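The values are calculated or read from the model by the stated rules, or taken from the named source; none is laboratory data. If you're wondering where the values come from, they're calculated on a predicted model, not measured in any experiment. Quick reminder, even Gly has a Cβ in these numbers, built from the backbone with ideal geometry, and neighbours come from all protein chains shown.
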Amino acid sequence: MELKRKLSRRGYSDEQTEAALTRLSELRYLDDQSFAVGHVRRRGAVRGPMALSAELAARGVDRVHVDAALAGFDAEAQLAAATRLAERLYARKPQAGYRDMLNEIGSKLMRRGFSANVVRAACRAALTETED
């Protein structure tokens, strides 16, 4: 565990470290599962599952917890988040057509961790919505 190593490097004894980790677990400060679920809930509006997975992995969350948290971020929620982002980006700089929108806005959505299928559907939905 990362925290255990950090405390040991700062000179805390094994007994002190274990006591602190036990207390933090009792208070639910060291609950990777709830952290991962909360992170996906907060950041899911602006990031896709690939980016969320990378963010959680960078924070040291186990793959099992990441996968469980992302299971709640279904395809419908991903499409809704990507569509809102596409509409917002399109409003700033309207594109001439679907192909231009995919090149400009789609690439931004891909960098935010959305899959190609979700990006195409979101761009199509955003373009249809703005035309109506």
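Has region 77-97 got any residue that is surrounded by 14 or more Cβ atoms within 10 Å (Cβ to Cβ) and within 24 Å of GLU2 (Cα to Cα)?
no
Any chance region 60-71 includes a residue that's over 26 Å from LEU3 (Cα atoms) and charged (D, E, K, R)? Spell out how you get there, then give the answer.
First pass over region 60-71, keeping only residues over 26 Å from LEU3 (Cα atoms): 71.
Subsequent filtering for residues that are charged (D, E, K, R) retains none.
Within region 60-71 (the criterion being over 26 Å from LEU3 (Cα atoms) and charged (D, E, K, R)), the answer is no, since none of the residues qualifies.
I need the helices (runs of 4 or more DSSP H) fully contained in region 20-74, keeping only those with at least 1 residues that are in contact (Cβ under 8 Å) with a residue 60 or more places away in the chain, within 22 Å of ALA86 (Cα to Cα) and under 14 Å from the mean Cα position of the chain (by Cα).
Where helices (runs of 4 or more DSSP H) fall fully within region 20-74 and carry at least 1 residues being in contact (Cβ under 8 Å) with a residue 60 or more places away in the chain, within 22 Å of ALA86 (Cα to Cα) and under 14 Å from the mean Cα position of the chain (by Cα), they are 49-58.
Do the conditions hold for TYR90, that is, is it in contact with a Ser or Thr (Cβ under 8 Å, 6 or more places away or on another chain) and in the same structural domain as VAL119 (by TED's automatic domain parsing)?
So TYR90 fits the description; yes.
Please give the number of the condition HIS65 fails out of (1) crowded, with 17+ Cβ neighbours inside 10 Å; (2) in the same structural domain as ARG111 (by TED's automatic domain parsing); (3) of a type outside the set (Lys, Arg).
(2)
Restricting to region 3-59, and then to whatever is of a type in the set (D, E, K, R) and closer than 30 Å to ARG88 by Cβ, can you tell me which residue is surrounded by the most Cβ atoms within 10 Å (Cβ to Cβ)? First the steps, then the outcome.
Step one: of region 3-59, the residues of a type in the set (D, E, K, R) are 4-6, 9-10, 14-15, 18, 23, 26, 28, 31-32, 41-43, 47, 55, 59.
Filter once more, keeping what is closer than 30 Å to ARG88 by Cβ: 41-43, 47, 55, 59.
Details: ARG41: 12, ARG42: 11, ARG43: 18, ARG47: 22, GLU55: 17, ARG59: 13.
The qualifying residue surrounded by the most Cβ atoms within 10 Å (Cβ to Cβ) is ARG47.
Considering only region 89-109, state which residues are free of Cβ contacts under 8 Å to residues at least 40 places away in the same chain, in contact with a helix residue (DSSP H, G or I) (Cβ under 9 Å, 6 or more places away or on another chain) and part of a helix (DSSP H, G or I).
Of everything in region 89-109, those that are free of Cβ contacts under 8 Å to residues at least 40 places away in the same chain, in contact with a helix residue (DSSP H, G or I) (Cβ under 9 Å, 6 or more places away or on another chain) and part of a helix (DSSP H, G or I) turn out to be LEU89, ALA91, TYR98, MET101, LEU102, GLU104, ILE105, GLY106, SER107, LYS108.
Among (1) in the same structural domain as ALA116 (by TED's automatic domain parsing); (2) touching a Lys or Arg at 6+ places or on another chain (Cβ under 8 Å), which single condition is LEU79 missing?
Evaluating LEU79 over (1) in the same structural domain as ALA116 (by TED's automatic domain parsing); (2) touching a Lys or Arg at 6+ places or on another chain (Cβ under 8 Å) leaves (2) as the failure.
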